[in-house]
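Chemist: This structure is in structure tokens; I'll ask about it shortly.
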Amino acid sequence: MALYSEKVMDHFRNPRNVGVIEDADGIGEVGNAKCGDIMKIYLKIENDVIEDVKFETFGCGSAIASSSMATELIKGKHVSDALQLTNKAVTEALDGLPAHKIHCSVLAEEAIKSAVKDYYDKNGIEYEKEKFAACEEGHCCH
């Protein structure tokens, strides 16, 4: 059995939504000190819908694939739906990740939450602090 699924390899070799949104409404950046992966997510939001999303990732193939898949899963969705995205959903959409690479999908989830929190903060939008507890404690927002 191959270590990586065809979907992981496809999103690694042909990542979707790579780049920067200069006038992003929300930006989230997270990193993992153990492996050195860094993800940055940019959101363009109109009427509470993610109209565009881009990412920059410095990391392994699993980190790039997780970023790419996560952006595909939230593009065109309501912000509240994007907040429901879990690392498990990213992993499943990629047809799995090796156990030692699951942290990459966790980073993707955290980067999205960090970008949404940034959007809420910039626009004075009330939100449930519990949803961003890890961000407040410095675990996901850097």
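The values are calculated or read from the model by the stated rules, or taken from the named source; none is laboratory data. Keep in mind the model is a prediction, meaning the values are calculated, not measured. Cβ placement follows ideal geometry from the backbone for every residue including glycine, while neighbour counts extend to all protein chains displayed.
Chemist: From (1) of a type in the set (Asp, Glu); (2) touching a strand residue (DSSP E or B) at 6+ places or on another chain (Cβ under 7 Å); (3) at negative phi, pick out the condition that doesn't hold for Glu92.
Modeler: (2)
Chemist: Okay, next question. Within region 29-54, which residues are surrounded by fewer than 15 Cβ atoms within 10 Å (Cβ to Cβ) and either within 22 Å of Leu97 (Cβ to Cβ) or of a type in the set (Gly, Ala, Ser) (or both)?
Modeler: Here is the first cut: in region 29-54, the ones surrounded by fewer than 15 Cβ atoms within 10 Å (Cβ to Cβ) are 33-34, 36, 46-49, 51.
The answer is Ala33, Lys34, Gly36.
Chemist: For region 80-105, name all the residues that are surrounded by fewer than 12 Cβ atoms within 10 Å (Cβ to Cβ) and hydroxyl-bearing (Ser, Thr, Tyr).
Modeler: The answer is Ser80, and nothing else.
Chemist: A follow-up question, please. For region 58-113, how many residues meet the condition of being over 16 Å from Met9 (Cβ atoms) and of a type outside the set (Asp, Glu)?
Modeler: Counting residues in region 58-113 that are over 16 Å from Met9 (Cβ atoms) and of a type outside the set (Asp, Glu) gives 29.
Chemist: For Asn17, state whether it is at pLDDT 95 or above, surrounded by fewer than 22 Cβ atoms within 10 Å (Cβ to Cβ), over 28 Å from Glu128 (Cα atoms) and among the polar types (S, T, N, Q).
Modeler: Numbers: at pLDDT 95 or above: yes; surrounded by fewer than 22 Cβ atoms within 10 Å (Cβ to Cβ): yes; over 28 Å from Glu128 (Cα atoms): yes; among the polar types (S, T, N, Q): yes.
When the stated conditions are applied, Asn17 passes them.
Chemist: Thr57 is checked against (1) under 24 Å from Asp121 (Cα atoms); (2) surrounded by fewer than 21 Cβ atoms within 10 Å (Cβ to Cβ); (3) of a type in the set (S, T, N, Q) and fails just one. What number does that condition carry?
Modeler: With respect to (1) under 24 Å from Asp121 (Cα atoms); (2) surrounded by fewer than 21 Cβ atoms within 10 Å (Cβ to Cβ); (3) of a type in the set (S, T, N, Q), Thr57 is out only on (2).
Chemist: Scan region 1-28 residue by residue and report those that are in a loop (DSSP other than H, G, I, E, B) and within 12 Å of the chain's Cα centre (by Cα).
Modeler: Asn17
Chemist: Could you check region 29-51 and list, in sequence order, the residues that are over 24 Å from Gly76 (Cα atoms) and assigned to a loop (DSSP other than H, G, I, E, B)?
Modeler: Correct list: Asn32, Ala33, Lys34, Cys35, Gly36, Asp37.
Chemist: Sort out which residues of region 1-57 are in contact (Cβ under 8 Å) with a residue 40 or more places away in the chain, in contact with a strand residue (DSSP E or B) (Cβ under 6 Å, 6 or more places away or on another chain) and of a type in the set (Lys, Arg), and write them in order of number.
Modeler: Answer for region 1-57, where residues must be in contact (Cβ under 8 Å) with a residue 40 or more places away in the chain, in contact with a strand residue (DSSP E or B) (Cβ under 6 Å, 6 or more places away or on another chain) and of a type in the set (Lys, Arg): just Lys40.
Chemist: Can you name the residue in region 55-73 that is within 9 Å of the chain's Cα centre (by Cα) and aliphatic (A, V, I, L, M) and, of all such residues, is nearest to Leu43 (Cα to Cα)?
Modeler: Ala70
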